[in-house]
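Rule-based calculations on the coordinates, nothing more; no lab input. Computed from a predicted structure; not experimentally measured. Ideal geometry is used to build each Cβ from the backbone, glycine not excepted, and the neighbour counts take in all protein chains shown.
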Amino acid sequence: MSTRLRRDIRLHSCTVPGTFITFEGIDGSGKSTQLRLLGNFLRANGCDALLTREPGGTALGVRLRAALLDAMEEVDPLTELLVFAADRAQHVRRVLRPALKGGKVVISDRYADATVAYQGAGRGFPPELISQIVHLATEGLKPDLTLLFDLSIAESTNRTARRTTGRSSGKISRDRLDIEKADFHARVRDAYLQIALAEPERVKLIDTSGPVDHTQERVKEIVIPFLQSRGHLAMNYV
Ligand code: TYD
């Protein structure tokens, strides 16, 4: 933690309305590691955030995720779009809305921007169709804050390639989307960057080409004041 951020942070109130934060980025961007680190940090400071993910944030979603990401499965692009949407509808209705209604901080590893980037730009479905399907599945629920973890396609490819060779235990292996070609991932990345440009208030861009702890500092610089401003964290400067 940097000197500027060396602060005494504690839970301020459980009665504030919920806050919805999403982590997005191309495969290998390191967002899942950062989500875990942020979750640990918040918990250690009295903010019991709910960490979740798409696909796979519900019991049904876990099964949909396994089918969707199985590298051996042949999934038609329309089926893919609809199953991601089905996973999201279940997640929104059964997990996200109830938690937010209960005043929780909810942090999701991916959400609707992933459909705009992967199925819209990556697969080539028209923006109007993507926007209709997203709206149907989310019922208009938008994140209050999105962190977009960005790095070059070359570095992303390096990192995801290490997954198969580096982790033979199968804990992290390359999935059906990881093994798409570089131009697919380049379209996905461009779409994410367009979203960040279009919605600078909501979407904060984070360069993840550096070390993990450097990226973690950047995450905290953004998330801590945000949660404070919404009453989830109190802070005394030392
Ligand atoms: P992720 O959980 O980030 O995978 P990893 O285990 O590599 O961290 O995401 C799984 C994949 O699902 C990822 O390649 C992106 C893809 N995806 C979509 O294509 N559309 C979507 O709407 C979502 C939520 C994910």
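Under 27 Å of direct C-alpha separation, and excluding same-chain neighbours fewer than eight residues apart, K104 reaches these lysines: K31, K142, K204, K220. Between the C-alpha center of segment 116-154 and that of segment 19-52 there is a gap of 19 Å.
Between the listed residues Q194, L38, T79, the Cα displaced farthest toward the positive end of the dipole of the chain, a dipole computed from Cβ unit charges relative to the Cα centre, is found at L38. Relative contact order of the chain, taken over Cα pairs closer than 8 Å and 6 or more residues apart, is 35 percent. Exposure proxy ranking for E73, E128, based on other Cβ atoms within 10 angstrom of each Cβ and starting from the fewest, stands as E128, E73. Ordering H214, H185 by the number of other Cβ atoms within 10 Å of each residue's own Cβ, fewest first, gives H214, H185.
Shown in residue order for segment 19-28 are the 3J(HN,Hα) couplings computed by the Karplus curve 6.51 cos²θ - 1.76 cosθ + 1.60 at θ = phi - 60°: 10, 10, 10, 10, 10, 9, x, 5, 4, x Hz (x for Gly and Pro).
In order along segment 205-211, the phi-based Karplus estimate (6.51 cos²θ - 1.76 cosθ + 1.60, θ = phi - 60°) of 3J(HN,Hα) comes to 8, 10, 6, 10, 6, x, x Hz; Gly and Pro are listed as x. Quick check: the angle from helix 31-44's long axis to the longest principal axis of the chain, C-alpha only, nearest 10 degrees? Long axis of 31-44 versus the principal axis of the chain: about 20 degrees.
Residue order for S108, S209, fewest other beta carbons within 10 angstrom first, comes to S209, S108.
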